[in-house]
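Report on the structure given below.
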Amino acid sequence: MVENGKSLFQPVLTQALDHALVHLEGLSTGSVAATADLRTLRARLGKPLGDAGVPAGQVIAELTRDVEGGIVGSAGGRFFAWVIGGALPAALAADWLTAAWDQNAGLYAAGPAAAVAEEVAGAWLKDLFGLPPEASFAFVTGCQMAHVTCLAAARHRLLAERGWDVEQRGLSGAPPVRLLAGGERHGTVERAVRLLDLGKEHLVSLPADAQGRLQPEVLEQAIATAATAPTVVLLQAGELNTGAFDPFETLIPIARRYGAWVHVDGAFGLWAAASARHRHLTKGVALADSWATDGHKWLNVPYDSGYVIVADRAAHRASMSHRESYLIHDSDARDQIDWNPEWSRRARGFTTYAALRELGRNGIGDLVERCCRYAHALVMRIGALPGAEVLWEPTLNQGLVRFLDSRAGATEPDHDRRTDEVIAAILASGEAYFGGVTWRGRRAMRVSVCNWQTSDEEVDRVVSAIGLVLKKECPA
Ligand SMILES: *Cc1c(COP(=O)(O)O)cnc(C)c1O
């Protein structure tokens with residue numbers, strides 16, 4: 001778009017690029033935590049929406065100024081809270097292009113290259129995870145919607161097998177679908193159950209072992225209590241606190257014997273399959289019926305990137321597909337609308353395509369192994385500082401430490417308080433970002449490493465910073 005011989009895009013996009021580069025370069029030195037508070041951000045951003053428009057350059061200049069201090073450094077290498085990855089250079093660039101191309105990736109006809117990039121990236125992902133090549137897939141917003149999509153396919157098949165067409169008749173009057181899960185499942189599973197109207201009361205938490213893994217006897221006993229009920233078994237590749245994997249090789253055949261659908265939450269853990277060193281953890285995972293994972297965590301694709309993989313293509317398609325007279329369907333091409341819960345959607349396959357190519361198989365394995373090594377180093381070195389202890393030594397990229405109240409006669413609640421105080425002090429230092437969690441009744445600091453930018457120097461810097469925080473907060 002040119003006006004008076006000048007591009008309307010050029011100045012504002014250049015401005016955005018300049019700002020982005022300053023931001024990205026600043027991640028290694030700046031405060032990881034936000035420094036502007038809620039009131040400040042509301043005061044700055046909360047302008048009245050004027051009647052007259054504002055020139056694009058001014059909008060972007062003011063936006064970048066107004067968000068100052070309100071952008072968390074989670075794209076950088078010193079952010080270890082929750083499970084949040086950064087963005088690889090090629091993935092970020094592809095994300096910008098995705099916006100510039102602005103394809104509606106619902107149909108091949110509306111964005112042919114977007115459909116093909118997604119088709120190719122989907123095949124690469126199945127291959128990397130060692131999952132059946134004939135499985136269907138979908139690129140969704142995140143693992144939350146991946147669970148919804150997978151469980152919609154499960155609901156379809158389990159009820160169809162019992163003569164009930166759930167898409168036509170709904171759930172009212174249908175045999176209830178029972179969901180058996182290990183106790184320490186992620187909250188997105190429960191929300192998927194709610195969204196699909198399966199009913200939280202049908203979601204049964206089974207006790208897990210010390211690592212958070214479901215044991216075969218426990219599953220067998222639970223499943224046998226209603227041997228013929230339509231059943232979903234929810235397993236996990238990578239528990240949030242311990243990084244534990246359910247023993248798929250023994251659990252899945254049990255579920256299979258009872259005709260259950262096995263769904264795996266592998267939001268970050270499924271990526272272990274891409275590393276020769278950690279692949280053994282995922283042994284047997286390919287026997288499941290559906291898998292949910294993320295690109296925006298360990299693959300370091302910008303946000304808005306989750307993956308659905310379903311072994312039973314027909315069930316997946318039956319639960320999602322849609323046809324209208326005004327849509328154009330190509331008989332050979334893959335229309336995303338047949339596999340996705342969305343209609344119009346972002347062409348999110350490009351970022352995954354770019355990230356996978358930038359890293360290659362070796363690079364992905366190396367990224368996974370590096371993160372695991374840094375998680376281990378952080379937990380063990382922080383845990384060895386005076387006044388700290390290791391609660392969970394990482395076996396993957398997740399671990400737990402705790403900080404102790406040094407006063408004589410300090411109780412568990414004192415240690416809990418101390419742990420939260422230290423986490424807050426680390427945050428306030430701006431040197432790193434960790435989250436707290438109550439794990440088996442005690443407060444802990446969770447360490448999660450899944451950013452491609454975390455390096456030896458950053459680990460050293462963070463450990464020293466925590467050493468200083470501990471000294472300052474509790475001088476010997
Ligand atoms: C992050 C996470 C999820 C949810 O993924 P989103 O992409 O945030 O929707 C589900 N399960 C596990 C184990 C996770 O770590």
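Just a few scattered comments:
- Looking across region 88-104, the residues that are outside any helix (DSSP H, G or I) and on the phi < 0 side of the Ramachandran plot come down to 88, 103, 104.
- Tallying residues that are outside any loop (DSSP other than H, G, I, E, B) and crowded, with 19+ Cβ neighbours inside 10 Å within region 45-87 yields 1.
- When residue 157 is tested against (1) touching a Phe, Trp or Tyr at 6+ places or on another chain (Cβ under 9 Å); (2) open to solvent by less than 60 Å² (accessible area, probe 1.4 Å); (3) closer than 19 Å to residue 269 by Cβ; (4) of a type in the set (D, E, K, R), exactly one condition is not met: (3).
- Residue check, residue 172 open to solvent by 40 Å² or more (accessible area, probe 1.4 Å) and in contact with a Gly (Cβ under 6 Å, 6 or more places away or on another chain): no
- So residue 14, is it closer than 15 Å to residue 68 by Cβ, hydroxyl-bearing (Ser, Thr, Tyr) and assigned to a helix (DSSP H, G or I): no
- Taken together, the residues in region 184-204 that are away from the ligand (no atom under 15 Å from the Cβ), free of Cβ contacts under 8 Å to residues at least 40 places away in the same chain and out of contact with any strand residue (DSSP E or B) (no Cβ under 6 Å at 6 or more places or on another chain) amount to 4.
- Scanning region 194-207 for residues that are among the hydrophobic types (A, V, I, L, M, F, W, C) and open to solvent by less than 40 Å² (accessible area, probe 1.4 Å) turns up 196, 198, 203, 206.
Table: residues versus (1) among the basic types (Lys, Arg); (2) at pLDDT 95 or above; (3) under 29 Å from residue 161 (Cβ atoms).
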{"residue": "311", "(1), (2), (3)": "no, yes, yes"}
{"residue": "314", "(1), (2), (3)": "no, yes, yes"}
{"residue": "317", "(1), (2), (3)": "yes, yes, yes"}
{"residue": "325", "(1), (2), (3)": "no, no, no"}
{"residue": "341", "(1), (2), (3)": "no, yes, yes"}
{"residue": "352", "(1), (2), (3)": "no, yes, no"}
{"residue": "355", "(1), (2), (3)": "no, yes, no"}
{"residue": "362", "(1), (2), (3)": "no, yes, no"}
{"residue": "365", "(1), (2), (3)": "no, yes, no"}
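- Failed item in (1) part of a loop (DSSP other than H, G, I, E, B); (2) closer than 26 Å to residue 363 by Cβ; (3) open to solvent by 60 Å² or more (accessible area, probe 1.4 Å), with residue 32 passing the rest: (3)
- Considering region 343-372, the residues that are charged (D, E, K, R) and surrounded by fewer than 17 Cβ atoms within 10 Å (Cβ to Cβ) include one that is nearest to residue 460 (Cα to Cα), namely 366.
- Hits in region 249-286 - residues which are farther than 23 Å from residue 299 by Cα and not β-branched (Val, Ile, Thr): 249, 251, 253, 255, 256, 257, 258, 259, 260, 261
- Condition broken by residue 181, with the remaining ones in (1) surrounded by 21 or more Cβ atoms within 10 Å (Cβ to Cβ); (2) within 13 Å of the ligand (Cβ to nearest atom); (3) in contact (Cβ under 8 Å) with a residue 60 or more places away in the chain satisfied: (3)
- Evaluating residue 109 against the criteria (1) surrounded by fewer than 22 Cβ atoms within 10 Å (Cβ to Cβ); (2) in contact with a Pro (Cβ under 9 Å, 6 or more places away or on another chain) leaves one unmet condition, (2).
- Residue check, residue 213 without any contact (Cβ under 8 Å) to a residue 40 or more places away in the chain and in contact with a Phe, Trp or Tyr (Cβ under 8 Å, 6 or more places away or on another chain): yes
- Residue match in region 82-90 (condition: of a type in the set (Val, Ile, Thr) and either farther than 30 Å from residue 47 by Cα or touching a Cys at 6+ places or on another chain (Cβ under 7 Å) (or both)): yes
- Listed by position, the strands (runs of 3 or more DSSP E) contained in region 220-321 that have at least 1 residues being of a type in the set (D, E, K, R), touching a residue at least 60 places away in the same chain (Cβ under 8 Å) and within 14 Å of the ligand (Cβ to nearest atom) are 261-265, 290-294.
- Some residue of region 326-337 being buried (at least 24 other Cβ atoms within 10 Å of the Cβ) and either within 16 Å of the ligand (Cβ to nearest atom) or under 30 Å from residue 226 (Cβ atoms) (or both): no
- Identification of helices (runs of 4 or more DSSP H) wholly contained in region 105-170 with 3 or more residues that are small (Gly, Ala, Ser) and modelled with pLDDT of 95 or more yields 112-129, 143-160.
- Within region 138-165, being under 30 Å from residue 305 (Cα atoms) and either among the basic types (Lys, Arg) or free of Cβ contacts under 8 Å to residues at least 40 places away in the same chain (or both) holds for 155, 157.
- For residue 179, the test of being part of a strand (DSSP E or B) and within 18 Å of residue 308 (Cβ to Cβ) is passed.
The values are calculated or read from the model by the stated rules, or taken from the named source; none is laboratory data. Quick caveat, the model's predicted, so the values are computed rather than measured. Cβ sites come from the backbone with ideal geometry, for glycine too, and all protein chains shown count toward neighbours. Protein only, heavy atoms only, side chains kept; ligands, DNA and RNA dropped before computing areas. Shrake-Rupley method; radii C 1.70, N 1.55, O 1.52, S 1.80 Å.
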